[in-house]
1. With (1) more than 13 Å from residue 237 (Cβ to Cβ); (2) surrounded by 22 or more Cβ atoms within 10 Å (Cβ to Cβ); (3) not aromatic (Phe, Trp, Tyr) as the list, and residue 159 as the residue in question, which single condition is left unmet?
2. Which condition from (1) modelled with pLDDT of 90 or more; (2) part of a loop (DSSP other than H, G, I, E, B); (3) within 23 Å of residue 277 (Cα to Cα) is the one that residue 169 breaks?
3. Tally the residues that are touching a Pro at 6+ places or on another chain (Cβ under 6 Å) and open to solvent by less than 30 Å² (accessible area, probe 1.4 Å), restricting the search to region 280-304.
4. Taking region 285-305 only, how many residues are modelled with pLDDT of 90 or more and touching an Asp or Glu at 6+ places or on another chain (Cβ under 8 Å)?
5. Taking strands (runs of 3 or more DSSP E) that do not extend beyond region 1-117, which have at least 1 residues that are among the hydroxyl-bearing types (Ser, Thr, Tyr) and modelled with pLDDT of 85 or more?
6. Using beta carbons and a limit of 6 Å, which pairs, at least six apart or on different chains, have the first residue in region 33-59 and under 19 Å from residue 204 (Cβ atoms) and the second one of a type in the set (Lys, Arg) and outside any helix (DSSP H, G or I)?
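The values are calculated or read from the model by the stated rules, or taken from the named source; none is laboratory data. These figures come from a predicted structure and were not determined experimentally. Reconstructed Cβ throughout: ideal geometry from the backbone, glycine too, with neighbour counts over all protein chains shown. The accessibility values were calculated without ligands, DNA or RNA, using every heavy atom of the protein model including side chains. Shrake-Rupley method; radii C 1.70, N 1.55, O 1.52, S 1.80 Å.
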Amino acid sequence: MNIVERKLRVADVNPVELFGSQEAHLQLIENKFDTAITVRGDTIIMRGEPAEVRKIESIFTELMYTLQRNGKLSLTDVSMIIDLVEGGRAGQQPQLTAEDLDSVILWGKREVIRARTPRQLEYYKKVRSNDIVFCIGPAGTGKTFLAVAMALAALRANEVSRIILSRPAVEAGESLGFLPGDISEKIDPYLRPLLDALGDMVSPDKLKSMLERRIVEIIPLAFMRGRTLNNSFIILDEAQNSTKMQMKMFLTRLGQNSKAIITGDVSQVDLSSKTESGLLGVHRLFRDIKGIEFVEFEKVDVVRHRLVMEIVSAYEREDERRKARESAKPGSITHGNDDAPLP
């Protein structure tokens, strides 16, 4: 990939007016493109593909001219200039059928990210039309990857101003306290899958810029207490490892104009046997609340390596055999399950 770096000096205008209150104009431009944009003093530094860098340079040049002429800039002005300069971008997108276009989640840098199974399409549509969506299912079904893609799409469309990605820091066989390093280095392994998903969709320079500007935050679940998250797209990954109190705490962080996706696999709970997962019981609690929806993936929705589906099936068969042995024991009693797979 050919990457260039260009510098543009801000001249004859107030940088605060150009970039907007709390850099809202700058953030709107940055959200629309894959190029990393950095401001140092009166210099705008753009690092990305040549064609896109030229477009962004044209946008800033036009914004400075408009600001000089009118004495002010609004978000509407910025959006109109972006649309004017970006013009033919849609024509450069891959040719897809109308049915394919309905399933497109994000026009990624290297590929089009789209729903590949009927259940993934259901997931996408429910997130578009609801503020909270619980997505439950086995590994390899795209729960987290698609959630991150949907968050980036919402950011690019200026539907939200930031993305919050969170996970419980729960050990799966190795104690957090024995890992080397400070607290930041200790929690990195738990948050790494979220960074990997972002890294598949955003260039390293762009991702670094988004993290530095806190457009994207990746934080452990325990660090979210006390916050109110407005105008945000929030993802809680591996939610089966949250406690009931943590789940309540997370869900009550939701602020105005925000969405939340909660993903998890109830067959992979790493909590102690005495601690009930916060993901259990949510369907019973919230099924009648408008604006909260549920999606349940199955092994047929696995889109990773073919062997992942076989591995999931093998574990399911083992669970069925264990349950059969337990139910065959004298005096055993079976109970109804409020958290059985959703219809």
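1. Single failed check for residue 159: (2).
2. Among (1) modelled with pLDDT of 90 or more; (2) part of a loop (DSSP other than H, G, I, E, B); (3) within 23 Å of residue 277 (Cα to Cα), residue 169 violates only (1).
3. Count: 0.
4. Number satisfying all stated conditions: 3.
5. So the answer is 36-40, 43-48.
6. 34/109; 36/47; 45/7; 46/6; 53/6
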